[in-house]
Each structure stands twice: as C-alpha cells, then as structure tokens.
Amino acid sequence: MAETMIGARKLDHLKLCLEMDVEYREKTTLLEDVHLVHQALSDASFDDVRIETPFMGRTLKAPLLISALTGGVPEAESLNRDLARAAQELGVALCLGSQRPMLKDRDAARSYRVRRFAPDVPILGNIGVQQAAQVGTDRTADLVRSIEADGLAVHLNIAQELSQPEGDRSFPGGCATIRALAKRLPGRVMVKETGCGLSRETAARLKACGVRTVDVAGAGGTSWPRVESLRKTPKQPQRTWLDEWGIPTAASLWEVGGLGLTVVASGGIRNGLDVAKSLAMGADLVGMALPVLRSHGRGAVEAGGRASRPPFGNDVGGRGGYDGVVRFLSGVITELKTAMLLAGADDVAALRRTGPVITGRLKEWISSRKRR
Ligand SMILES: Cc1cc2nc3c(=O)[nH]c(=O)nc-3n(C[C@H](O)[C@H](O)[C@H](O)COP(=O)(O)O)c2cc1C
C-alpha cells in the first residue's frame, strides 16, 4: 500500500479515536466482575505501598505501559515525543505505534526516535505480524535497533484487517515469523492483540514459538472494527456484530494465566482500580492507549470535536499535551496505590496473592471454559 495512503489512514484513526465513540458498546472488559476484598484493619501507609516492577531488563517505577498509538506521520512526532517524556517522568514503559511506514520510507523514522527523551525506561518498537512475515527477520530486527528500542511488540489484528475494505484476507506464516523473531531477539519480543484479546490456545502457541511476553489487549475498550466502520461511513455509523467481537480483557487475563508468560493487561483499562484488578488477576503490567491519547489531545476534544489547535501538536493551553498525559497517569498511579492499600496489599506480589472474588459473567466464562 502506498505510504501516502497509510499516512492518511493513520491520521483518520487518530482523529476518529480522539473525537468519536470508538469503544465497545455491549461488551465490557468484565473487570466489573472482579472484586478486590476490602481490608479494614491496615498497618500500612500510602507512601509505603511499593509498585516498582521489572520489565524488559529495566525497573519501572509503576507497572504501567503506554500502549501503541502511532508513528510515521509528521503529526506523530510531537505526540510520541510527549509520550516518551511522560514515560520517563513517571518511570513507565512506552510501546510505539506500528513502524510499517519505516519499511517504505527511511525519513518516517523521525517520529519513532524518542530514546533521547526517555533514556531510562523500556521502549518497544512495533510491527504487524503480516508485515514482519513479508520483510523477514533481518529487516524487522533492524526496526528495533534503528530506534534504540529495548524490544519489539508484534501486533495481531485479524479482526481489524477483515473489517478494512483494503485489509488483508489471508494470514500466512504468522507462527514461523514469530518463532524466528523470538530466536533473533531473545526475551525481547512481546506479542499483542489490538483489542480482541488472546485465548489460552493462542497464548500456548505463542509460548511454543519462544515468546515470553504477551499483551492480551482484550475487548471492552477501543474496538478496531468499530473504528474501521466509522472510517467507512462516518455519517451513518451502523453498529455491526464485528464491532463487538473479541474476548473481554478480564476473561483473556484468566485465559493466559498459568502458562509462565509475562502478561500485560490492556484493552479498556481506564483507571487505577482497573489496573489493580488486572494485577490481582495475574497481570505483570497494565497498558492503556485511548485514555492516554485523549489526555494528550484534551484541548481538541473539549473544543467540541473541532480542533482549535493542531490536535497532535504542543498543547497551547496546558490542558493536554505532555502535561495532560502526566496528569492522567499520575492520577491512575494514585488510584492504584489507594486500591492496593484498601485491599491490604503493600506491593504488587501481595496484591496478586489477595485472590479477588469473581462473580457474574466472568465466573460463567471461566466455568464454561474449564468444562471443555
Ligand atoms: C489511535 C490508536 C492507534 C493505535 N495504533 C496501534 C499500532 O500502531 N500498533 C498496535 O499494536 N496497536 C495500536 N493500537 C492499539 C492499542 O495499542 C491497544 O491495544 C488498543 O487500543 C486497546 O487499548 P485501549 O482500550 O486502551 O485503547 C492503537 C490504538 C489507538 C487508540
């Protein structure tokens, strides 16, 4: 596909995600069925709650990941720079958006070269499994080296491809590609979905390919089939069953548990309580994409969807941009520590040991899958 088309599509995606209702409507993450048990008698203090977490050979100050958003278009330069600065400030990990534009145009690398803004935190490059299969292991590994990333996120997005008129219809060589990459970049490959979740079967296959880290990116947050329907028919955005397809994030966390993988929870994570529940469900790290994008573009959204300033540029009024991202993520960290204190956990390992109560549809999901 021509670079200009990819660039235009990326801008469409950013604008739709900033301004339209791009999330699941019927389906939720099912995190509402996960309950942390309140512990009234506490000996701990808020400042003693420890949330440092190891990831990709570095130590994070908080178990958070800014999930993949964008890159390759000029508008992405300031966005990625602000995300990198915010990640460095808060000591959280950053996953960049798809580096597909770099495969066609070396100049596209500018928007991904953010290491100087975030020297101490893990940065992950990003490529779709189909593009990696097309260009081979050497060129894919070079994407990581050329932006001084710590690792590579390989994204799986078949529901999005099938909902795009110009998207792929066949998906050959995925496993072999991932196996070769896992061998070439040992311990540095994370395989992620983009909002439809990972099943136990898929996670087990990924493990057999040598992958050690997965990001479930489950259903309940941004729906990529929904984004694509909005792109096709912005005036009459009919909801279809495909908009609601996927494994809810909490169910996906249960699915991938117990396989010995490092697990990132994402997809519909919107506050610190969601983060705490995900960690209690076994996640090692928790990622967010849409709320981070919106905290950056807050000025544009508040202007009624019509941007009063370049939506991805510097924040003029101090409401969004770098400040907006830091403010949003700092709030999430405070909420996470509050929830941990209330659940009687003074570190992440203790939170995982608390054993959350599981009710409702998540309980049904688990018992139905256990019976198979
Ligand atoms: C505007 C936008 C662009 C995205 N681009 C990418 C991408 O290039 N590569 C990728 O792996 N995921 C991409 N994603 C998917 C997210 O990383 C994430 O998996 C998904 O949106 C679910 O998380 P959320 O509900 O917090 O948004 C993008 C998401 C958004 C909102």
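Each of V34, M281, W254 was scored by the projection of its Cα onto the charge dipole of region 12-370, and the greatest displacement toward the positive side belongs to W254; charges sit on the C-beta of Lys, Arg, Asp and Glu. Across region 1-71, Cα-Cα pairs farther apart than 21 Å form 63% of the total.
When +1 charges are put on Lys and Arg Cβ atoms and -1 charges on Asp and Glu Cβ atoms, the dipole computed for region 12-370 relative to its Cα centre reaches about 740 debye.
Largest mean-square fluctuation among S78, S266, S45, in a Gaussian network model of the chain whose springs join Cα atoms under 10 Å apart, belongs to S45. Listed by chain and number, the lysines whose C-alpha is less than 17 Å from the C-alpha of K10, apart from same-chain residues fewer than 8 away, are K104, K232. For region 1-142, the spread of Cα coordinates along the three principal axes comes to 61, 40, 29 Å, biggest extent given first.
Highest average first, the peptides 257-265, 146-154, 89-97 ordered by how many other beta carbon atoms sit within 10 Å of their residues are 89-97, 146-154, 257-265. Secondary structure note: in the chain, about 20% of the DSSP beta bridges are antiparallel.
From zero up to wherever the largest Cα-Cα distance of region 32-90 sits, split into 10 Å bins and tell me the percent of pairs in each. With a bin width of 10 Å, the distribution comes to 16, 31, 29, 17, 6, 1. The calculated FRET efficiency for A109 paired with S170, based on their beta-carbon distance and R0 = 22 Å, is about 0.15.
Each of L103, V264, A153 was placed along the dipole of the chain (beta-carbon charges, centred on the mean Cα), and the one lying farthest toward the positive end is L103. Rounded to the nearest 20 debye, the dipole size of region 1-143 about its Cα centre is 720 debye, using +1 on the Cβ of Lys and Arg and -1 on the Cβ of Asp and Glu. Both radii come from the Cα set of the chain: Rg as radius of gyration, Rh as Kirkwood radius; their ratio Rg/Rh reads 0.94.
When the helices of the chain are scored as -39500 (n - 2.57) per DSSP H run of n ≥ 4 and the total is divided over every residue, the value at 222 nm lands at -13000 deg cm²/dmol.
Across region 201-269, C-alpha contacts under 8 Å between residues 6 or more apart give a mean separation that, scaled by the residue count, equals a relative contact order of 52 percent. Working ranking of peptides 242-250, 158-166, 362-370 by packing, defined as the average number of other Cβ atoms within 10 Å per residue, highest first, is 242-250, 158-166, 362-370.
When peptides 202-209, 353-360 are ranked by their average number of other Cβ atoms within 10 Å per residue, the highest-first order is 202-209, 353-360. Suppose R0 equals 25 Å; then what is the FRET efficiency for R9 and W241 from their Cβ-Cβ distance, rounded to the nearest 0.05? Efficiency, rounded to the nearest 0.05: 0.60.
For region 104-230, how big is Rg over Rh, using alpha carbon atoms and the Kirkwood form of Rh? Rg/Rh for region 104-230 comes to 0.96.
Rounded to the nearest 20, the size of the Cβ-charge dipole of region 54-207 about its Cα centre is 520 debye, with Lys and Arg at +1 and Asp and Glu at -1. Ordering L198, A141, P165 by the projection of their Cα atoms onto the charge dipole of region 96-200, which places +1 on the Cβ of Lys and Arg and -1 on the Cβ of Asp and Glu, puts A141 at the extreme positive end. Each label point was placed 7 Å from the Cα along the Cα-to-Cβ direction; for V357 and R184 their separation is 5.0 nm.
Each reported figure results from applying straightforward, stated rules to the coordinates on display, with no laboratory input. Keep in mind that this is a model prediction, so the values were computed, not measured. Methodologically, a virtual Cβ is constructed for each residue, glycine included, from the backbone with ideal geometry; neighbour enumeration extends over all protein chains shown.
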